[in-house]
Amino acid sequence: MSHSSSDLSRYIGQFKGRRLVCVGDVMVDRFIFGDVQRISPEAPVPVVRITKEFSQLGGSGNVARNASSLGASVAFFSVIGSDRAGKEVSDLLAKIEAIEPFIRVTADRETTIKNRFFSSDGHHLLRADRETAKPLTQSGEDDLCLSLAREIEKADALILSDYGKGVVTRSFAQRAIALAREARVPIIVDPKGSDYAHYAGATVITPNQSELALATGRTVESDDDLVAAAIALLESTSVDAVLVTRSADGMTLVEESHTVSHLRAESQEISDVTGAGDTVAAVLGIALAASVPLIDSARLANAAAGLVVTRRGTAVVSARELGAGLLRRDLSAAELKVVDAATAATRSAMWRADGLTVGFTNGCFDLLHPGHVSLLAQAKGACDRLVVGLNSDASVARLKGPGRPVQAEAARAAVMASMEHVDLVVIFGEDTPLTLIKEARPNVLVKGADYDKDGVVGADIVEADGGRVILADLVDSFSTSATIDALRKG
């Protein structure tokens, strides 16, 4: 099944106006950059001359930032200390109109700060943290739950972002999940620690690979190991699905039915993974809030994570950026569909060995029109994998005469490869695709109904191989030559 940008990006328009409740440990992520030109005379450490510093909302605050950037309004619940960093959290939240804060301030808690030091050229030198990992008091929990109960009734999804600093205690998590289940909204949990029992009843939990190993006490070095651990986690927590984030290896989604989907990483250039898990939780939350199917929600989260890891700091992704990223991904994927005859023969052989039906059609496809689209749809409907033979420029000129093709073969191949029904495109220079058909050995050969079967090149070869020939219905009133003539007359 194809999952093009049009398949996924159509969901993005459904994000705007969704209401999310986000609960968890908020922190200040501070980024400090400086020049490093000498070693300290006092100790063998670099001396950093600070040139730039800035702060961003981190932890659950970064989840809320991502959700608001994607078009959601957010009811944000957390606990901060009565300190300078706590005021910084409040000031940063006040700058984001789409986030409505429900923040409890306590004098006995220190607001978490993560100070990250970088050289001017981007090398990470040091991280220094201030934090209190102290569980909520009963009164604090009751206070948050009282407000949470009111807000969850207006929400489309709940996100629990647990950083192990004491907000998402076992008792609070279970109360929050119970409220969300009563309100029939999806529950996404970004977990922490080794005991996931307090996330029981959630819709999706999103551990990374090392967190999954810690929670299950299993090794997760191979795909099989990881899937087995995820299934064990499913069974022990009664959640609907586990989405394991795997850094450069992408993600793996394991559902309650034990359906497994491996999603390859969308980014090949990782600059900084800080906050990528927050982006995954936010995209999953807003997508499920918009009733996007779980597998497509995971694909959207994977695409968004691929964007933020190319940036420094706790980055966010907007709905527009996500849509553009999906389009770029599809253009890259389309380029990979254009192969030579030898590669097409190898791929066809592999598909047949896997029990898949290989189809073939061919043409000039100079100016793509609805007749072509119908032909491709009918061809793909008769097979599992469709190979398209595309006449080269020289071949088109010989067949169609002077002035043709209108579009060069590279452009025609790119357009053809972008079609969702097409799996491979092969440019051939002969007047007929006979050699290509002999090499690819398709199970199904498709041409338009303006041919008769005896006139279809390669029909005898395909049928002798046990295959069949299909003459596709034509869409009236569409012709590339007629279109070109009309343009010339105009």
- [ ] Within the stretch 19-51, count every residue that is touching a residue at least 40 places away in the same chain (Cβ under 8 Å) and out of contact with any Gly (no Cβ under 7 Å at 6 or more places or on another chain).
- [x] 11
Open item on the list: Name the single residue that is surrounded by the fewest Cβ atoms within 10 Å (Cβ to Cβ) among those in the stretch 187-201 being closer than 16 Å to LEU234 by Cβ and in contact with a strand residue (DSSP E or B) (Cβ under 8 Å, 6 or more places away or on another chain).
Closed with: GLY201
Open item on the list: Suppose we filter ALA341, ALA353 for residues that are surrounded by fewer than 14 Cβ atoms within 10 Å (Cβ to Cβ) and small (Gly, Ala, Ser); which single one remains?
Closed with: ALA353
Task: Answer from ASP296, ASP330 - the residue that is in a helix (DSSP H, G or I), over 16 Å from GLN209 (Cβ atoms) and at pLDDT 90 or above - done: ASP296
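Given the residues ASP423, ASP454, which is the only one that is among the charged types (D, E, K, R), assigned by TED's automatic domain parsing to the domain that holds LEU367 and at pLDDT below 90?
The conditions single out ASP454.
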Task: Search result, residues across the stretch 31-46 that are modelled with pLDDT of 90 or more and either on the phi > 0 side of the Ramachandran plot or not in a strand (DSSP E or B) (or both) - done: SER40, PRO41, GLU42, ALA43, PRO44
Open item on the list: Could you go through the stretch 93-108 and let me know if any residue there is part of a helix (DSSP H, G or I) and at negative phi.
Closed with: yes
Task: Pick from the stretch 20-57, criterion touching a helix residue (DSSP H, G or I) at 6+ places or on another chain (Cβ under 8 Å) and small (Gly, Ala, Ser), ranking: surrounded by the fewest Cβ atoms within 10 Å (Cβ to Cβ) - done: SER55
- [ ] Output yes when any residue across the stretch 250-264 is among the charged types (D, E, K, R) and more than 22 Å from the chain's Cα centre (by Cα), and no when none is.
- [x] no
Task: Candidate set: the stretch 404-437, residues that are without any contact (Cβ under 8 Å) to a residue 40 or more places away in the chain, part of a loop (DSSP other than H, G, I, E, B) and small (Gly, Ala, Ser); chosen: the one farthest from VAL387 (Cα to Cα) - done: ALA408
Open item on the list: If I go through the stretch 149-172 residue by residue, how many of them are at pLDDT below 95 and in a strand (DSSP E or B)?
Closed with: 0
Open item on the list: For a quick check of your reading: which strands (runs of 3 or more DSSP E) sit entirely within the stretch 208-263 and have at least 2 residues that are under 19 Å from PRO191 (Cβ atoms) and touching a Leu at 6+ places or on another chain (Cβ under 6 Å)?
Closed with: 241-245, 251-255
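So which residues in the stretch 242-251 are out of contact with any Ser or Thr (no Cβ under 7 Å at 6 or more places or on another chain) and on the phi < 0 side of the Ramachandran plot?
Here is the first cut: in the stretch 242-251, the residues out of contact with any Ser or Thr (no Cβ under 7 Å at 6 or more places or on another chain) are 242, 247-250.
Within the stretch 242-251, VAL242, ALA248, ASP249 qualify.
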Open item on the list: Here is a check on your reading of the model: is ALA440 at pLDDT 90 or above and closer than 21 Å to THR343 by Cα?
Closed with: yes
- [ ] Tell me which residues, restricted to the stretch 360-395, are crowded, with 23+ Cβ neighbours inside 10 Å and among the β-branched types (Val, Ile, Thr).
- [x] THR361, VAL387, VAL388
TODO: Test ILE80 against the criterion of being more than 24 Å from the chain's Cα centre (by Cα), under 30 Å from ALA183 (Cα atoms) and part of a strand (DSSP E or B), and give yes or no.
DONE: yes
Open item on the list: So ARG175 passes all but one of these: (1) on the phi > 0 side of the Ramachandran plot; (2) at pLDDT 95 or above. Which condition number does it fail?
Closed with: (1)
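Each row is one residue, and each column tells you yes or no for (1) in the same structural domain as HIS262 (by TED's automatic domain parsing); (2) more than 24 Å from the chain's Cα centre (by Cα); (3) crowded, with 23+ Cβ neighbours inside 10 Å; (4) over 28 Å from LYS16 (Cβ atoms).
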| position | (1), (2), (3), (4) |
| --- | --- |
| GLY140 | yes, yes, no, yes |
| ASP143 | yes, yes, no, yes |
| SER147 | yes, yes, no, no |
| ASP156 | yes, no, no, no |
| GLY164 | yes, yes, no, yes |
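The values are calculated or read from the model by the stated rules, or taken from the named source; none is laboratory data. Just so it is clear, the model here is predicted, and its values are computed rather than measured. A quick note on method: Cβ atoms are made from the backbone with ideal geometry, for glycine too, and the neighbour counts reach across all protein chains shown.
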